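Right, one structure below, let's go through it.
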Amino acid sequence: MSGWRGREVELPRPEGQRGPALLEFKGGLTTSFTVHELYRSATRKVQGRQLLYTYGPRTRRFLLPARYNRVEIRRVKPRPTSGTGFSRWHLRMVEVADLARLADTLAGKHDTLVYFDGPARVSFAWLGDAEYGELHFTREGGGEARQLTRRGDVRGTVVVPGAGFLAVSTFGKWTLERQ
């Protein structure tokens, strides 16, 4: 799915899928977008929280909780006097097999989504100039995301309770290591 202006996008779930939808969003070179959770039925519309803010062409992966059936994409004006850019956006559903898996050690830069296959302790470190990040866990079967790190932690160890998705949120470099 793609477009150049804001709109709602319905995300049909495969039969039997109970967990969150895995999504990938890519904006354009000079454009900012936000992506919000949305549930719509014939009689109801429920707006959820903002899932993503993005500027530029970087590809971002994120989870849409199971209780929502759409996302709303909004083109953002960074300042009241600026334009909104002219670039297109692209949104697609991805499979678990497309995600990086945390088997031993994993390193990266910026936000990402990682698949984790069982309970274990995981050490983390936010590196470089940013030295700030958050690590959230969502069970594979769905449910609310749970923040594993505390505000201000630069490195540490957390317990991941089971199989699911680790969402890394940081502007800089990071490492995760399964123990």
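The values are calculated or read from the model by the stated rules, or taken from the named source; none is laboratory data. In this text the structure is predicted, and so the values were computed from the model without any measurement. When we count neighbours, we look across all protein chains shown, and the Cβ atoms used for this are built from the backbone with ideal geometry, even at glycine. To get the accessible areas, we keep the full protein, side chains included, count just its heavy atoms, and leave off ligands, DNA and RNA. Shrake-Rupley method; radii C 1.70, N 1.55, O 1.52, S 1.80 Å.
Hey, among the residues in region 128-176 that are at pLDDT 90 or above, among the aliphatic types (A, V, I, L, M) and surrounded by fewer than 17 Cβ atoms within 10 Å (Cβ to Cβ), which one's farthest from Leu51 (Cα to Cα)? Among them, the one singled out is Val159. Would you please name the residue that is most open to solvent (accessible area, probe 1.4 Å), looking only at residues in region 29-66 that are more than 17 Å from the chain's Cα centre (by Cα) and closer than 16 Å to Phe86 by Cα? Of everything passing the filter in region 29-66, Leu29 is most open to solvent (accessible area, probe 1.4 Å).
Taken residue by residue, region 73-88 has no member that is under 20 Å from Thr138 (Cα atoms) and assigned to a strand (DSSP E or B).
Taken over region 5-37, the criterion of being among the hydrophobic types (A, V, I, L, M, F, W, C) and over 17 Å from Gly142 (Cβ atoms) is satisfied by Val9, Phe25, Leu29, Phe33, Val35.
When you scan region 21-28, do you find a residue that is modelled with pLDDT of 90 or more, exposed (fewer than 15 other Cβ atoms within 10 Å of the Cβ) and within 14 Å of the chain's Cα centre (by Cα), even just one? No, region 21-28 contains no residue that is modelled with pLDDT of 90 or more, exposed (fewer than 15 other Cβ atoms within 10 Å of the Cβ) and within 14 Å of the chain's Cα centre (by Cα). Does region 4-15 contain any residue that is open to solvent by 40 Å² or more (accessible area, probe 1.4 Å), without any contact (Cβ under 8 Å) to a residue 24 or more places away in the chain and within 24 Å of Arg101 (Cβ to Cβ)? Yes, because at least one residue in region 4-15 is open to solvent by 40 Å² or more (accessible area, probe 1.4 Å), without any contact (Cβ under 8 Å) to a residue 24 or more places away in the chain and within 24 Å of Arg101 (Cβ to Cβ). Scanning region 16-54 for residues that are closer than 24 Å to Ala100 by Cα and of a type in the set (Lys, Arg) returns Arg18, Lys26. Of the residues making up region 1-37, those that are of a type in the set (Ser, Thr, Tyr) and outside any loop (DSSP other than H, G, I, E, B) number 3.
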